[in-house]
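Reviewing the structure listed below.
The values are calculated or read from the model by the stated rules, or taken from the named source; none is laboratory data. Note that this is a predicted model, so its numbers are computed, not measured. Ideal geometry is used to build each Cβ from the backbone, glycine not excepted, and the neighbour counts take in all protein chains shown. Ligands, DNA and RNA are stripped out before the accessible areas are found, and what is left, the full protein with its side chains, is counted by its heavy atoms. Shrake-Rupley method; radii C 1.70, N 1.55, O 1.52, S 1.80 Å.
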Amino acid sequence: MNTVIEGFSKLTKEEKIDWLTKNYTKNPESSKKVLKQYWNTESKIQKLHDEFIENTITNYYLPFGIAPNFLINGRLYAIPMAIEESSVVAAASKAAKFWLEKGGFKAQVLGMEKIGQVHFIYKGNRQNLEKYFEYVKPKLISAAKPITQNMERRGGGISNIELKDKTEVLENYYQLHCTFETLDAMGANFINSCLEEFAKVLKVEAQTFPSFAENEREIDVVMSILSNYVPDCLVRVEVNCPIDQLETEEFVTPYEFAKKMVQAVEIAKIEPYRAVTHNKGIMNGVDAVVLATGNDFRAVEAGVHAYAGKDGQYSGLTRAAIEKGIFKFWMEIPLALGTVGGLTNLHPLVKLSLEILQNPTAKELMQIVAVAGLAQNFAALRSLVTTGIQQGHMKMHLMNILNQMGATEEDKKVLAGYFKTRTVTHSTVKEALEQLRK
Ligand code: MEV
């Protein structure tokens, strides 16, 4: 048990599984079965997946669902979502339908700027460094030409390079703060390659820069990496309608409903404990589409949450208002997404997701993803301020328990009715099922 191994990566897949199950599982034979039941042996898919990461031993499936009826800027979409959490796709679909009849979602990309930084230590005179920066900047850009020329041909590339003095917050610390336009690519590889080239040139050219004193030639690059904080790669999405169209079963007047929604949004704006959960609900929609379209959800998560804290306190990301009889609900979020490069051309399901979304540009995908987030938040708040979130969840929970217990379709139908007015727990469901079978 729990042994160290050298050269694990060099073992074959079978050997890796043998070693793993023998050393880390109680019942190696049944563990092997679990792993292998997810293999896809009938197509080339398995080899493809094996090569996405290192030490692959099997696949980890997530459900892939569709939320139809999204009207975005006058165009209809059926949105693919990869997510394991029940109720999310249903909530998205419900919100889509609700807004479909009220003009749909309006979305607008406010900026596409990507960011990367070369972090370095310099112990010399600041003015000399500034002079050096002016001297070296064109050399940085021309050294990166082999990397940037294709992107430039399509209208993208390096937008700017700035020298930033951070010595007030960290001794001798400076940055090259660089901005990029990466068009339909998320651009991580492009940006990191450019930055590493900048870092090389920055160090080398310092050796011969005439205005540097001997002790100023040492530029100590700590690291070169893109930033996942992209506050100017921003999309705005909105829904609005006259208040009297906000008819719901649960409220006496549409105005009461609108007011409750605004209150819920205001609470998330000023109360971090609520804001985190509020935003988690937004990310239910965002991540599911980001994942289905082969984008990096960790990058998106990190960037969105940083944006939620940009004013010094973590805050809810959506806004709501009632103005002159109109209910407005909107959000601005940063999203660095790609529809070319990365997995987009490699992963057949990602490719299909993009086709389902009518092969969007990165800008269009930003709009679709943000809409999924806004819809999700609308649906969550609507449940929270009316029936409470558990009603929907419990229905799914009940089905999960019944499935585990091997209930038939007929059992499920009867018990769904029975539990409409009763509390769902494992034991109450078990008892009810036993009772039904008697
Ligand atoms: C659950 O995944 C998401 C919610 O908690 C979001 C929210 O509270 O707004 C329902």
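Annotations
- Residues in the range 114-227 average 51 Å² of solvent-accessible surface per residue, probe 1.4 Å, ligands and nucleic acids excluded.
- Atom-type composition of the exposed protein surface of the range 186-226 places 53 percent of the accessible area on carbon and sulfur (1.4 angstrom probe).
- Viscosity 1.567 mPa s, 4 °C: Kirkwood-radius Stokes-Einstein D of the chain over Cα pairs, µm²/s: 51 µm²/s
- Per residue, the convex hull volume that the Cα atoms of the range 114-227 enclose (Å³): 87 Å³
- Anchor LYS413: aspartates and glutamates whose Cα lies under 17 Å away (excluding residues fewer than 8 positions away in-chain): GLU431, GLU434
- Ranked from largest, the principal axis spans of the Cα set of the range 8-50 equal 31, 23, 10 Å.
- Aspartates and glutamates whose Cα lies under 13 Å from that of LYS438, excluding same-chain neighbours fewer than 8 positions away: ASP411
- Here the range 177-255 is treated as an ellipsoid with the same Cα gyration tensor; its semi-axes, largest first and in whole Å, are 54, 13, 10.
- Between helix 126-143 and the chain there is an angle of about 70 degrees, using the helix long axis and the longest principal axis of the Cα atoms.
- Whole-Å distance, taken between Cα centres, linking the range 144-164 and the range 291-334: 29 Å
- Sites matching trypsin sites (Lys or Arg not before Pro) across the range 72-111 that sit in DSSP coil, with at most 16 neighbouring C-beta atoms within 10 Å: LYS102
- For the chain, with +1 on Lys and Arg beta carbons and -1 on Asp and Glu, the positive-most of THR56, LEU384, MET151 along the dipole: LEU384
- Excluding exposed DSSP-loop GluC sites (Glu not before Pro) (at most 16 other C-beta within 10 Å), longest clean stretch of the chain: 251-438
- Enclosing the Cα atoms of the range 393-437 in their convex hull gives a volume equal to 62 cubic angstrom per residue.
- Nitroxide proxy distance, nm - points 7 Å out along Cα→Cβ at ASN215 and TYR61: 6.7 nm
- For LYS137, a cut-off of 17 angstrom between C-alpha atoms picks up these lysines, skipping any fewer than 8 places away in its own chain: LYS145, LYS164, LYS200, LYS203.
- Helix 188-206 vs. the chain, principal-axis angle (Cα, 0 to 90°, nearest 10): 20 degrees
- Among beta bridges identified by DSSP and lying wholly in the chain, the antiparallel ones come to about 95 percent.
- Rounded percent of accessible protein surface that carbon and sulfur make up, the range 393-437, 1.4 Å probe: 53 percent
- Solvent-accessible area per residue in the range 8-50 equals 74 Å², computed with a 1.4 angstrom probe and all protein chains kept.
- Violating pairs (Cα-Cα greater than 32 angstrom) within the set LYS324/LYS420; LYS10/LYS33; LYS26/LYS47: LYS324/LYS420
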